[in-house]
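Below: the structure, in structure tokens.
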Amino acid sequence: MAARGLEKSFHGRLILKGVDFDMQAGDITVIIGKSGSGKSTLLRALAGLTDPDDGQIAFDGKIVFAEKKRTREWNTVRSEVGMVFQSYTLWPHMNVLENLTLAPKKKLGLKPAEARDRAEAALAEVGMAQHILSRPTQLSGGERQRVAIARALMMKPKLLLCDEITSALDPPVAAEVLDVLRRLKEEEGIAVALVTHDMAFASKAADRVVFFHNGEIAVNTTPENAFENCDNPDLKKFVDAVRF
Ligand SMILES: Nc1ncnc2c1ncn2[C@@H]1O[C@H](COP(=O)(O)OP(=O)(O)OP(=O)(O)O)[C@@H](O)[C@H]1O
Ligand SMILES: [Mg+2]
């Protein structure tokens, strides 16, 4: 995935000021930056939940956004982009299986048995196979978040966009959820972009670290450079403020 020159304003305030952003198969890109700097706005633009005002987005060489609108190609790739949010957004009145199979049955026309097979495989990937008939209210926060990831996997995404998915979790539980992402990138070659305030994870598991500042990607580098040899004063200030 390659985004070029993304711009977005809200109420006349420029939030994305011409952002270039790339994701590679099998990479975890961690996005860090101050609250309100535009991290969620970028992910939402990539996921098709909001349209940029300008710029270009391409998946596998297909232009999916250009000249201020989604192209027809977007329809052919939109199911390859999964997004997981901080709040689990599972339907409380449906069990895990129903939560996972609703969209694939509707959007991909999967038969119930096919959908169930796929749900079992997705739940196995996140270590939640035994909870297939549980209701979300019967699960812990970490378990719900793993189900939310499994639900994104149902559409067999090539890109997984994760917006603060561990912010509401205790550190050990967050670590389990993040391990799931690490496995997915290694075993499935999924490209992951992750907004997080967890600098320990960012420095351990990221392939790239992107620092958002004033609507721009101020730094795009390796974790070592971002955290050990950082020469960007804004990033240094940010990292010192949230030091683990
Ligand atoms: N739908 C919207 N309507 C109006 N303003 C918005 C909208 N979405 C985002 N904004 C504004 O754009 C700015 C960037 O928001 P965004 O959610 O992308 O920040 P963020 O970096 O994800 O912050 P946080 O770390 O707090 O989640 C904020 O000032 C926010 O108020
Ligand atoms: Mg946000």
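Laboratory data are not the source of any read-out in this text; all were calculated from the coordinates shown. Here the structure is a predicted model, which means the values were calculated and not measured. Note: ideal-geometry Cβ built from the backbone for every residue, glycine included; neighbour counts use all protein chains shown.
Observations on the structure shown:
- Residues residue 140 and residue 220, FRET efficiency given R0 of 45 Å [Cβ-Cβ distance, rounded to 0.05]: 0.80
- Cα centroid separation, the range 129-151 to the range 54-80: 32 Å.
- Note on 59, 212: ascending count of other Cβ atoms within 10 Å places them as 59, 212, the fewest first.
- For 201, 85, 10, order by how many other beta-carbon atoms lie within 10 Å, fewest first: 10, 85, 201
- Between the amide H of residue 219 and those of 211, distances stay under 5 Å, these residues lying 5 or more places away or on another chain, with hydrogens modeled in the peptide plane.
- Peptides 109-115, 86-92, 148-154 ranked from most to least packed give 148-154, 86-92, 109-115, packing being the mean of other C-beta atoms within 10 angstrom over each peptide's residues.
- Sequence-distant contacts, meaning Cα pairs under 8 Å at least 6 residues apart, place the relative contact order of the range 1-137 at 18 percent.
- Helix 112-125 vs. the chain, principal-axis angle (Cα, 0 to 90°, nearest 10): 50 degrees
- Considering only beta bridges that DSSP places wholly inside the range 2-241, some 55 percent are antiparallel.
- Cα-derived Rg over Rh, computed across the chain with Rh taken as Kirkwood radius: 0.97
- Here r is the Cβ-Cβ distance between residue 234 and residue 79 and R0 is 22 Å; the resulting FRET efficiency, rounded to 0.05, is 0.05.
- Rounded is the label for the range 1-90, because a/c, from the alpha-carbon gyration tensor with a ≥ b ≥ c as root eigenvalues, stays below 1.5.
- In the chain, the longest principal axis of the Cα atoms and the axis of helix 141-153 are about 90 degrees apart.
- Dipole-positive endmost among 138, 115, 167 within the range 67-185 (Cβ charges, Cα centre): 115
- Per-residue Karplus couplings for the range 94-108, computed as 6.51 cos²θ - 1.76 cosθ + 1.60 with θ equal to phi - 60°, are listed in order as 10, 6, 4, 4, 5, 4, 6, 9, 4, 5, x, 5, 6, 7, 9 Hz, Gly and Pro entered as x.
- Across the chain, C-alpha contacts under 8 Å between residues 6 or more apart give a mean separation that, scaled by the residue count, equals a relative contact order of 26 percent.
- Order of 190, 217 under a 10 Å beta carbon neighbour criterion, fewest first: 217, 190
- Lys/Arg +1, Asp/Glu -1 at C-beta; the range 137-244 dipole; positive extreme among 241, 217, 229: 217
- Residue-by-residue Karplus 3J(HN,Hα) for the range 44-52, coefficients 6.51, -1.76, 1.60, Hz, glycine and proline x: 5, 5, 5, 7, x, 8, 9, 9, x
- By the rule of a C-alpha distance below 27 Å, with chain neighbours fewer than 8 residues away ignored, the lysines paired with residue 62 are 8, 17, 39, 105, 106, 107, 156, 158, 185.
- Each DSSP beta bridge with both residues in the range 106-244 is either parallel or antiparallel, and the antiparallel ones are about 50%.
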